[in-house]
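Here the structure comes first, spelled out in structure tokens, and everything after it is commentary.
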């Protein structure tokens with residue numbers, strides 16, 4: 001650049017600065033798009049409706065005399081249709097605590113969910 005005059009050197013230098021700025025901004029925008037996409041995918045992967053459906057069936061069936069048969073059916077249907085492993089246990093009511101506690105475990109390979117229900 002020794003043969004160029006001072007004005008030409010400034011033009012070339014400003015061209016390099018603008019090019020580097022565009023490259024830097026493109027990298028930042030690319031990374032922000034990736035973060036937004038993975039965040040949205042994480043929200044979509046949480047099976048809220050599936051967990052609510054299983055929870056409703058458990059609540060409706062805990063007082064039935066054939067609780068174990070319903071439990072086996074729920075586990076088989078969840079595994080075959082949704083690919084989810086569901087395990088739940090019912091603890092008996094204690095004399096000083098009238099509640100029945102049900103521990104629910106839900107796992108579909110991506111999401112693991114545990115809850116303890118206290119039912120009257």
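The values are calculated or read from the model by the stated rules, or taken from the named source; none is laboratory data. If you're wondering where the values come from, they're calculated on a predicted model, not measured in any experiment. Neighbour counts are summed over all protein chains in view; Cβ atoms, including those assigned to glycine, are modelled from backbone coordinates with ideal geometry.
A few comments on the model shown:
Residue by residue, here is whether (1) exposed (fewer than 14 other Cβ atoms within 10 Å of the Cβ); (2) under 19 Å from residue 62 (Cα atoms); (3) free of Cβ contacts under 8 Å to residues at least 40 places away in the same chain holds:
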| site | (1), (2), (3) |
| --- | --- |
| 77 | no, yes, yes |
| 82 | no, no, yes |
| 90 | no, yes, yes |
| 95 | yes, yes, yes |
| 98 | yes, yes, yes |
| 110 | yes, no, no |
| 113 | no, no, no |
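- Hits in the range 40-65 - residues which are modelled with pLDDT under 65 and either surrounded by 10 or more Cβ atoms within 10 Å (Cβ to Cβ) or part of a loop (DSSP other than H, G, I, E, B) (or both): 40, 42
- Test: residue in the range 19-29 that is closer than 30 Å to residue 111 by Cβ and modelled with pLDDT of 65 or more: no
- Evaluating residue 1 against the criteria (1) at pLDDT below 80; (2) part of a helix (DSSP H, G or I) leaves one unmet condition, (2).
- Check on residue 9, over 30 Å from residue 108 (Cβ atoms), surrounded by 10 or more Cβ atoms within 10 Å (Cβ to Cβ), at pLDDT below 85 and not assigned by TED's automatic domain parsing to the domain that holds residue 105: yes
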